[in-house]
Amino acid sequence: MVIYFISIIVFNHLSKDLTGIDVSQGMINQAKKKYKKINFLVADVIDEKNFSLTIKNKKFDLIFTKRCIQNILSQKKQLRIIKFLGSKLKKNGKLILCESSATAQKDINILRKKIGLKKITPPWHNLFFDDEKIKKTKFKNLKLLEIHPFMATFFFVTRIINAYIKNKEGKKTHYLDNHNILAKNLPQNLLSKFSQTKVYEFIKI
Ligand SMILES: C[S@@+](CC[C@H](N)C(=O)[O-])C[C@H]1O[C@@H](n2cnc3c(N)ncnc32)[C@H](O)[C@@H]1O
């Protein structure tokens, strides 16, 4: 709840010292109305110098972004921001990125194509994460612990099952029902790869 309107949250001593950051003053104004005890700052995460000044060069125990870095339309810049945010962590601090995965969207589209559904694409203002690139990149002082596909079932059901059923007419259950055929034709060991939103968990080493 606390994070709804803001893109980056940095924590010190866990919830005692909590700062919400967004490039948009409008988003911060809305968040301020709702959450009185949080310190809010306007800062652009691409502008490293100003960002550092705005947070007074402090280091944090935990930095959390939610659908923020995916708004940066260059993979090179995204990776640089991950490194930069890592530099703002204390040792053993955590960087938790809740962002969209291009890898999962590609897998969703492979299945959608198989069942005659249109390809889905990110909004024009987003560049989703390439999981393989995130895994392969060496971030200074930052280790990727895990990529959590925590919304796999949601994306599988909404983007595949429901999309398919909505696309067809529903009649009495029969073993040749569309969704039975669909279930039969899909690989049976599915799911985790369809989480279009994932949590990328890093630790400062
Ligand atoms: C899709 S919204 C997500 C808002 C909220 N975190 C959520 O998940 O509901 C993206 C947010 O990222 C912010 N944002 C985009 N680029 C940014 C940047 N360079 N620095 C800081 N915030 C940025 C936008 O202003 C916006 O509030």
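The values are calculated or read from the model by the stated rules, or taken from the named source; none is laboratory data. Just so we're clear, the structure is a prediction, and the values are computed from it rather than from any experiment. Glycine gets a Cβ as well: all are built from the backbone with ideal geometry, and neighbour counts include every protein chain shown.
Checking each residue of segment 149-156 against the condition of being of a type outside the set (A, V, I, L, M, F, W, C) and in contact with a Leu (Cβ under 7 Å, 6 or more places away or on another chain) gives at least one match. Per the conditions (1) of a type in the set (D, E, K, R); (2) assigned to a strand (DSSP E or B); (3) surrounded by 13 or more Cβ atoms within 10 Å (Cβ to Cβ); (4) more than 16 Å from the ligand (Cβ to nearest atom), the sole criterion not satisfied by residue 99 is (4). Exactly one residue among 126, 92 is farther than 24 Å from residue 23 by Cβ and either surrounded by fewer than 17 Cβ atoms within 10 Å (Cβ to Cβ) or modelled with pLDDT of 95 or more (or both), and that residue is 92.
Yes/no per residue for (1) within 16 Å of residue 191 (Cβ to Cβ); (2) not aromatic (Phe, Trp, Tyr):
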{"residue": "94", "(1), (2)": "no, yes"}
{"residue": "153", "(1), (2)": "yes, yes"}
{"residue": "156", "(1), (2)": "yes, no"}
{"residue": "160", "(1), (2)": "yes, yes"}
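Annotation: residue 71 fulfils all but one of (1) under 20 Å from residue 138 (Cβ atoms); (2) surrounded by fewer than 20 Cβ atoms within 10 Å (Cβ to Cβ); (3) out of contact with any helix residue (DSSP H, G or I) (no Cβ under 7 Å at 6 or more places or on another chain); the unmet one is (1).
Would you say residue 84 is among the aromatic types (Phe, Trp, Tyr), within 15 Å of the ligand (Cβ to nearest atom), surrounded by fewer than 20 Cβ atoms within 10 Å (Cβ to Cβ) and not in a loop (DSSP other than H, G, I, E, B)? In short, yes.
If the condition is being aromatic (Phe, Trp, Tyr) and more than 28 Å from residue 166 (Cβ to Cβ), then segment 107-128 contributes no residue at all.
Can you pull out the residues in segment 2-25 that are exposed (fewer than 15 other Cβ atoms within 10 Å of the Cβ), modelled with pLDDT of 85 or more and near the ligand (Cβ under 8 Å from one of its atoms)? Selection gives 24 alone. Restricting segment 45-58 to residues that are touching a residue at least 40 places away in the same chain (Cβ under 8 Å) and surrounded by 15 or more Cβ atoms within 10 Å (Cβ to Cβ) leaves a set whose member that is nearest to residue 22 (Cα to Cα) is 45.
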